[in-house]
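The values are calculated or read from the model by the stated rules, or taken from the named source; none is laboratory data. All values derive from a computational prediction rather than experimental measurement. With ideal geometry, Cβ positions are generated from the backbone for all residues, glycine too; neighbour counts draw on all protein chains shown.
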Amino acid sequence: MTVIVPKRLGGGSMTSASHRRSREQEKEAAARLGGRITKASGAGAFEKGDVRVKGLLRVEAKTTKHKSFSVTGEMLDKIEQQAVMAGEFPAMEIEIEGGARRVYVVPTWVLDDLIRMVQQGK
């Protein structure tokens, strides 16, 4: 027997528009960066972050339909710890207004390293 739960009681699709956009954001970032989406969006015990370019970059993807998004120290600590343990650069990709604007947030040391590498021709 199948029980149909009305939408007003939590039935229907198990994913919100925001959750669907988040999945699309991860796919787009992985394709653009030449990486892959991590299993279970980094919810596993060993591999954190949403997108990984092995040996180079670990990305935590966030999206909002709003005009602003707050980045917390906890968010930064999570991706930075996991990336550093794997010898990778940490980054957060933040989509604002449902993807109309996209920015990356990285620790200062990452930007310093990237500038140094470009200046040295690496």
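Would it be correct to say that Leu33 is under 25 Å from His19 (Cβ atoms) and aliphatic (A, V, I, L, M)? Here the answer is yes, as Leu33 does meet what is asked. What do you reckon, is Ala17 within 18 Å of Glu95 (Cβ to Cβ), modelled with pLDDT of 95 or more and out of contact with any strand residue (DSSP E or B) (no Cβ under 9 Å at 6 or more places or on another chain)? Judged against the criteria, Ala17 is not a match. Among the residues of segment 84-93, which ones are within 10 Å of the chain's Cα centre (by Cα) and either of a type in the set (A, V, I, L, M) or surrounded by fewer than 14 Cβ atoms within 10 Å (Cβ to Cβ) (or both)? Scanning segment 84-93 gives Ala91, Met92.
Select the strands (runs of 3 or more DSSP E) contained entirely in segment 21-101, then report the ones holding at least 2 residues which are modelled with pLDDT of 90 or more, of a type outside the set (Lys, Arg) and touching a Phe, Trp or Tyr at 6+ places or on another chain (Cβ under 9 Å).
Those strands (runs of 3 or more DSSP E) span 57-63, 89-96.
Considering the conditions (1) out of contact with any strand residue (DSSP E or B) (no Cβ under 6 Å at 6 or more places or on another chain); (2) among the hydrophobic types (A, V, I, L, M, F, W, C); (3) surrounded by fewer than 14 Cβ atoms within 10 Å (Cβ to Cβ), Ile96 is excluded by exactly one of them, (3).
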